[in-house]
Structures are given as C-alpha cells and as structure tokens.
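What follows is a single structure, written as structure tokens, with notes after it.
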Amino acid sequence: MKHFISLVLAGVMTAVSVTFSSSTATAETEHHDNVLITFFSRAGENYSVGVVERGNTDLLAEIVAEETGGELFRIETVKEYPSAYDEMLTIATEERTNKERPELKTSIENFDTYDVIFVGYPIWWGDMPMAMYSFLESYDWNGKTVIPFNTHEGSGQANTVTTIKGICEGADVMSGFSVRGSVAQNDGASARTIVQNWLDSNNFEALAKKQVTHYTLQDIHNLQDFLLAKPTEEDLRGKPYDLDGDGTWNVFDLCLMRQKYAENSATDAISSATITADESAVLETYEKFEQAMIDKDVDTLNSLVAEDKTFTHMSGKTQTKEKFFGEIADGTLNYYSYKLNDPVVTVDGDTATLTGSTTLEAKVYGSSGTWTLTTNQKFVKLDGAWKLSN
C-alpha cells in the first residue's frame, strides 16, 4: 500500500513551561485554539524609533493575534539584552559570529495542539536574532503551517524565510510578511492593514479551520517523484498527500493537489489543474526570483537569470542585471511583498512566457507604495533549469 505512517517525535525541553493568555480579539474575529502567534521582541532603544516601552515586533504580534483570534506566546531568553541600541548590536553581532544559541526561559507545553504557527522576529544585521534559532530548533515542525513575519527598517525579510524553511523540516512554510518597525510602532492602522491584506490574500480562515491544506510546488514535485519511484528531496512521512481518501497515493491525488495549489497558492489561480512539470518549474523560478528581491539575496538572483538579462522599470529605464541587483543590495530599491495575479505559462520547447500581473509593495528611489504591474516575463531552459531571459 502506497502510504506512509506518521511519526511523532518527542522533543526534550529544558526550558520552563508556561501558559498562554488569549489575545483580545475583535468582536468579528473568531477565536482559533489551533493558531499560535510566537514572537521575539526587544524594548528599549530601537533603530529609527528611539527608546520604546514595547518592541516593534511585540506590537505587530498583538495585531496578528487580534486579527486571527490566535494565542500569543513571547519567546524570552534567560539573559537580558542591554537597553542601549549600540550595546545590543555588539552582543547580537558576537552571537551571530559565534553561532550561539541563547538559552530560553519559556517553552510551549502544548505545541502539538497548534496547526498554524506565526513566527515573529525583528531583523538584526540582516538575520533573525540568534534566540530565534534556539526556539525553532527546539520543536518538531512536521505537519505544521508556519507563517513568518518580521519588523525591519529596510531589510524586508532578508533571507529569513529560506532559513526557516531549512530549520522547520516537514512544515509548510509560507512566504509571510514584513512591516517596517517605525510603522508598527507609530502607525498601527497601516500595520493592521498590511496584516489584514495578507490574511485575506492567503485565505487564512480556511487555513485555520483546516478546510484546505496549503500545498507548495515542492509538494507537487515530491508526489510526482514518489509516483515515478524516484527519490524525493525530503522525508515524506506524515505528508497529507492522500487527497482522495482511499488510503493510497496515486495519480488522482496528484491531480487534486495541482488543483488545490492553483486555488490556494500565493500565485493565485492557474486555470488548468493539469499544470506540466515545465510550467511548474517556470512558476517556481519566478517565485524564487521575487522572494530573492525581497530578501536582497543577490547570489540567488544571479542564479535565476540568463547572462544577458536586462530589466526595464515602469518609467522605461533599462538596466543591466548588475546595476539592478546592485541597487537592490544597496537599498536604493526595496521590495517588501509581492503577489502574482492570474498567471498563464506558455511553454514552447526550451523557451517559455509568463503573463499576468504582479502586485508589489515597495520603496523605489525614495517613493513608497503598492503597484500592480503587467507581467510579461520570458524564460529559457539552460542546462535543465529555467531562467529569466530577454
């Protein structure tokens, strides 16, 4: 019988167990016992906002809890970080250089009862605080839906979503969202709008009620490889791949998974449920490219484009990839979130075209805003990998 038995790994916790207090949800927000909002935050002197009584991520986490009806959990370290910003940076840099795992004084005693877990943190020197590594490495994330969120002052998500995916094995790690710390601290209404838009765009209520499972392109590739008796890139034990409920994994499950991905993924609806492997790979390349722009990950950006690729701004200005990526790296161009709307992929041999539109939240050349732009991207297959081209 083609199915896997789910394994539950018992974690050994050395930290103190604590209880939760429910968030103050609005009258319209349904409480969800299976949704948890975890966060690490630091008060005191913060970049751009001065000395504050509550950290930026603390304030953002409270908004997430109010809008989702989930429960709040504060990640706390045994040692206290200094209030002065420069002193804190020195310690944070030392921790990162030494790959330290600060000891935590709190733990989640009923972790298995949560299906959807938000993970919140500030960006410190282009990364999560090392306390987040301590936290993430303390639990078995298999089967969980993980939603990263963070506060920053120009770094976006940095490369943290990719890092979390690497740590939280077996979890469905979504793209998540980020908010400037100054916005979370001084403009709660705008921060709340960003949270609400993300929840609406990703059908949060269905996620929380387990009405749908958020399948990824990697899930599709995994099931395809399994059915072809090929090795997969990850451990598939416990994966919810029996979509038709017959106790086996088969081609009908694959078709249903493709359909659910089209209906519920961050790339919005793809009309056909029979998306081919090449079409999936083209979409995956574009998704990785957009996320790498947000993360300011120039190495990944370079790996996803052909050598002669140029980029044209909405103003008509055309740049080489070196110039374009350079302005992303130095903060001239800042991308915070994206959403691909109504994508259509057309594959012709070793070339492909992706059309639709992309909604971007960005700050470019000093101007902040959200723009929806026509998408007409060309791709070429080089050495078996799809890359953006001219």
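The values are calculated or read from the model by the stated rules, or taken from the named source; none is laboratory data. It should be emphasised that the depicted structure is a prediction, and the values quoted were computed from it without experimental measurement. No Cβ is skipped: glycine too gets one built from the backbone with ideal geometry, and neighbour counts run over all protein chains shown. Side chains are part of the model used for accessible areas, which takes the heavy atoms of the whole protein and leaves out ligands, DNA and RNA. Shrake-Rupley method; radii C 1.70, N 1.55, O 1.52, S 1.80 Å.
Leaving out same-chain residues fewer than 8 places away, which lysines sit with a Cα under 24 Å from that of K387?
Hits, sequence-local ones excluded: K165, K288, K296, K309, K317, K321, K323, K339, K378.
Taking the highest mean first, how do the peptides 277-290, 96-109 order by number of other beta carbon atoms within 10 angstrom per residue? Write out the running numbers ahead of the final one.
Working: 277-290: 19.7, 96-109: 14.9.
Answer by packing, highest mean first, reads 277-290, 96-109.
Taking loop as defined by DSSP and a crowding limit of 12 other beta carbons within 10 Å, which trypsin sites (Lys or Arg not before Pro) in the stretch 38-83 fit? Before the final figure, lay out the partial values.
Values: sites: R42, R54, R74, K79; in loops: R42, R54, K79.
When the trypsin sites (Lys or Arg not before Pro) of the stretch 38-83 are filtered for loop state and at most 12 Cβ neighbours within 10 Å, K79 remain.
Tell me, what % of the accessible area of the chain is carbon and sulfur with a 1.4 angstrom probe? Write down the numbers at each step before the final one.
On the way: 8830 of 18120 Å².
Percent of accessible area from carbon and sulfur atoms in the chain: 49.
Just from its helices, what would the mean residue ellipticity at 222 nm be for the chain, if runs of 4 or more DSSP H residues each count -39500 (n - 2.57) and the sum is divided by every residue, rounded to the nearest 500 deg cm²/dmol?
Numbers: 12 runs with 125 residues, N = 390.
Only helices count here, giving -9500 deg cm²/dmol.
Hey, what's the chain come to in accessible area per residue, 1.4 Å probe, Å²?
Working: 18120 Å² over 390 residues.
With all protein chains present, the chain gives 46 Å² per residue.
Using protein chains only and a probe of 1.4 angstrom, how many square angstrom of K339 are accessible, to the nearest 10?
60
Would you look at the GNM of the chain, springs on alpha carbons closer than 10 Å, and say which of V78, V64, V116 moves the most?
V78
Within 10 Å of each candidate Cβ there may be at most 13 other Cβ atoms; applying that plus a DSSP loop requirement, which GluC sites (Glu not before Pro) in the stretch 302-377 survive?
Numbers: sites: E307, E322, E327, E361; in loops: E307.
Answer by residue number: E307.
Output wanted: per-residue J couplings in Hz (rounded whole) for the stretch 77-82, from phi through Karplus 6.51 cos²θ - 1.76 cosθ + 1.60, θ = phi - 60°, x for Gly and Pro.
9, 5, 7, 9, 7, x
Among residues other than T151 whose Cβ falls under 12 Å from its Cβ, what is the net charge (Lys/Arg +1, Asp/Glu -1)? Working shown, then result.
Numbers: positive: R42, R54, R180; negative: D58, E153.
For residues surrounding T151, the net value is +1.
Using the Karplus curve 6.51 cos²θ - 1.76 cosθ + 1.60 with θ = phi - 60°, work out ³J(HN,Hα) for each residue of the stretch 132-148 in order, rounded to whole Hz, and write x for Gly and Pro.
Those phi angles translate into 5, 5, 4, 5, 5, 7, 8, 10, 8, 8, 4, x, 7, 9, 10, 10, x Hz.
Near A329, within a Cβ-to-Cβ distance under 13 Å, what is the net charge of the other residues, with Lys and Arg +1 and Asp and Glu -1?
Values: positive: K296, K321, K323; negative: D295, D297, D299, E322, E327, D330.
In short, -3.
Name the long-range amide H neighbours of R180: under 5 Å, sequence gap of 5 or more, or other chain; modelled H, no Pro or chain starts.
Under 5 Å from the amide H of R180 lie the amide H atoms of H152, each far enough along the sequence or on another chain.
Quickly rank 329-336, 153-160 as a protection proxy: mean count of other C-beta atoms within 10 Å, highest first.
Ranking, from highest mean packing down: 153-160, 329-336.
Over the stretch 267-380, what is the relative contact order in percent, taking alpha-carbon pairs closer than 8 angstrom and at least six residues apart? Spell out each step's value before the answer.
Working: 166 pairs, mean separation 27.8, N = 114.
Here the relative contact order equals 24 percent.
Hey, can you grab everything whose amide H is under 5 Å from the amide H of G120? Only 5+ residues off in sequence or another chain; H modelled, so Pro and N-termini drop out.
Answer set, sorted by chain and number: T38, F39, F40, F149.
Need the list of lysines near K79 for cross-linking: C-alpha distance under 20 angstrom, and skip anything on the same chain fewer than eight residues off.
K99, K105
Could you go through the stretch 174-186 in sequence order and give the Karplus-derived ³J(HN,Hα) for each residue, using 6.51 cos²θ - 1.76 cosθ + 1.60 with θ = phi - 60°, rounded to whole Hz, and x for Gly and Pro?
Calculated HN-Hα couplings, in order: 7, 5, x, 8, 9, 9, 4, x, 5, 6, 4, 7, 10 Hz.
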